Amino acid sequence: MRITAAIALALAVSLDSAVAEQKPARTEMKTDIVFATCGGTNLTLDAFVPQGEGPFPTCILVHGGAWMNGSKASYITPLFEPLSKAGFAWFTINYRLAPQHRFPACIEDVESAIRWVKAHAKEYKADPQRIALIGESAGGQLVSLAGVRAQADTRVAAVVPFYAPHDMALRVQQNPAVPAWVTPLFGIVEINDAAWQALRDASPINHIRPGLPPYLLIHGTKDHTVPFEQSLLFQEKMKAAGNACDLIAIPGGAHGMGGWEKLDPGYKDKLVAWLREKLAARQ
């Protein structure tokens with residue numbers, strides 16, 4: 001009887017252990033992590049860590065707000081849930097805003113975030129070889145620019161700009177007056193030769209070269225803030241350079257993701273499917 005009882009106890013312990021091992025690890029959200037300090041300003045990010053061992057395909061999210069407004073918890077938040085459900089590790093970042101911090105502070109902060117995520121990937125179950133940049137509006141311009149001018153330490157596997165101004169000089173040319181974002185971002189008060197050069201230098205379209213990571217452009221066809229033409233021109237030049245560049249057009253879509261669900265209910269699924277393909281584990 002003693003032997004039987006001992007065996008039963010051992011089996012019970014073994015079964016309990018097996019059940020415990022089968023319980024999925026809980027997802028985790030870590031907030032307000034400092035990834036850089038610039039001039040006494042702490043730059044922070046939030047991190048979503050999926051359940052499981054990893055490493056997982058990873059996304060770095062960059063909010064919009066005309067380079068002057070917004071935060072890691074605004075504008076780009078509609079993408080949090082689909083990326084979480086898809087099992088991606090993701091990070092949403094703050095960056096220095098104009099007019100207190102003029103260009104190129106914002107792009108430098110995005111590049112600092114890329115380096116930080118790569119350096120801390122293991123801690124957050126992220127895969128440093130499978131990182132996608134995703135940004136919307138001003139954040140779309142920043143991820144697009146980071147992608148085209150990347151060096152070895154900031155190169156990523158994919159880039160997804162939503163309704164991004166890829167050609168900032170063209171946007172100024174198309175406006176009868178100097179757009180409201182130009183002076184705060186660049187300190188430009190009149191459009192002269194130096195101003196045009198600054199706008200061209202900040203325009204992702206002017207840095208396209210062969211060998212860039214694949215891009216997915218997502219843009220509403222009725223966007224009056226950043227015209228749909230911006231994505232069409234960027235795609236054309238990317239393809240001419242031999243780069244992969246896909247485009248999801250949201251018929252009738254305005255600037256911002258608000259209302260897009262009614263126009264194209266599957267646009268988030270298309271985004272996730274594209275990311276899965278481009279960030280697939282390499283054998």
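The values are calculated or read from the model by the stated rules, or taken from the named source; none is laboratory data. No experiment lies behind these values; they were computed from the predicted model shown. Note that we place each Cβ from the backbone using ideal geometry, even for glycine, and neighbour counts take in every protein chain shown.
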Notebook entry, point to check: Mind checking whether some residue in the range 245-256 is in contact with a Pro (Cβ under 7 Å, 6 or more places away or on another chain) and either more than 20 Å from G139 (Cα to Cα) or not in a strand (DSSP E or B) (or both)?
Noted result: no
Next item on the list: Six or more apart or on different chains, Cβ under 7 Å: which pairs go from a residue in the range 39-51 that's on the phi > 0 side of the Ramachandran plot and surrounded by 14 or more Cβ atoms within 10 Å (Cβ to Cβ) to one that's assigned to a strand (DSSP E or B) and hydrophobic (A, V, I, L, M, F, W, C)? Could you list them?
Entry: none
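Taking the condition of being assigned to a helix (DSSP H, G or I) and of a type outside the set (S, T, N, Q), how many residues in the range 66-90 meet it?
Kept after step one, since they are assigned to a helix (DSSP H, G or I), are these residues of the range 66-90: 77-85.
Filter once more, keeping what is of a type outside the set (S, T, N, Q): 78-83, 85.
Total meeting the criteria: 7.
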Next item on the list: Check A89, A138, A126, A119 and return the single one that is among the hydrophobic types (A, V, I, L, M, F, W, C) and surrounded by fewer than 22 Cβ atoms within 10 Å (Cβ to Cβ).
Entry: A119
Item checked: Pairs with Cβ under 7 Å, 6+ apart, first in the range 197-220 and at pLDDT 95 or above, second surrounded by fewer than 16 Cβ atoms within 10 Å (Cβ to Cβ) and assigned to a helix (DSSP H, G or I) -> I205/L233; N206/R200
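Return yes or no: is E190 surrounded by fewer than 20 Cβ atoms within 10 Å (Cβ to Cβ), of a type in the set (D, E) and assigned to a helix (DSSP H, G or I)?
Numbers: surrounded by fewer than 20 Cβ atoms within 10 Å (Cβ to Cβ): yes; of a type in the set (D, E): yes; assigned to a helix (DSSP H, G or I): no.
No.
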Notebook entry, point to check: Pairs, please: C-beta under 9 Å, at least 6 apart or cross-chain, first residue in contact (Cβ under 8 Å) with a residue 40 or more places away in the chain and in the range 230-252, second of a type in the set (S, T, N, Q) and buried (at least 18 other Cβ atoms within 10 Å of the Cβ)?
Noted result: F234/S144
Note to self: Pairs please, first residue from the range 115-131 and part of a helix (DSSP H, G or I), second anywhere and surrounded by fewer than 18 Cβ atoms within 10 Å (Cβ to Cβ) and of a type in the set (D, E), Cβ atoms under 7 Å, 6+ apart in sequence or on different chains.
What the structure shows: R115/D153
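Using the structure shown, decide if P213 is farther than 25 Å from G252 by Cα and under 20 Å from the mean Cα position of the chain (by Cα).
Values: farther than 25 Å from G252 by Cα: yes; under 20 Å from the mean Cα position of the chain (by Cα): yes.
It is true that P213 is farther than 25 Å from G252 by Cα and under 20 Å from the mean Cα position of the chain (by Cα).
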Check: Would you call D264 surrounded by 14 or more Cβ atoms within 10 Å (Cβ to Cβ), of a type outside the set (S, T, Y) and either modelled with pLDDT under 95 or under 20 Å from the mean Cα position of the chain (by Cα) (or both)?
Finding: no
Checklist line | Filtered residue count, the range 38-74, keeping only those that are over 19 Å from D127 (Cβ atoms), of a type in the set (S, T, Y) and under 12 Å from the mean Cα position of the chain (by Cα) | finding: 0
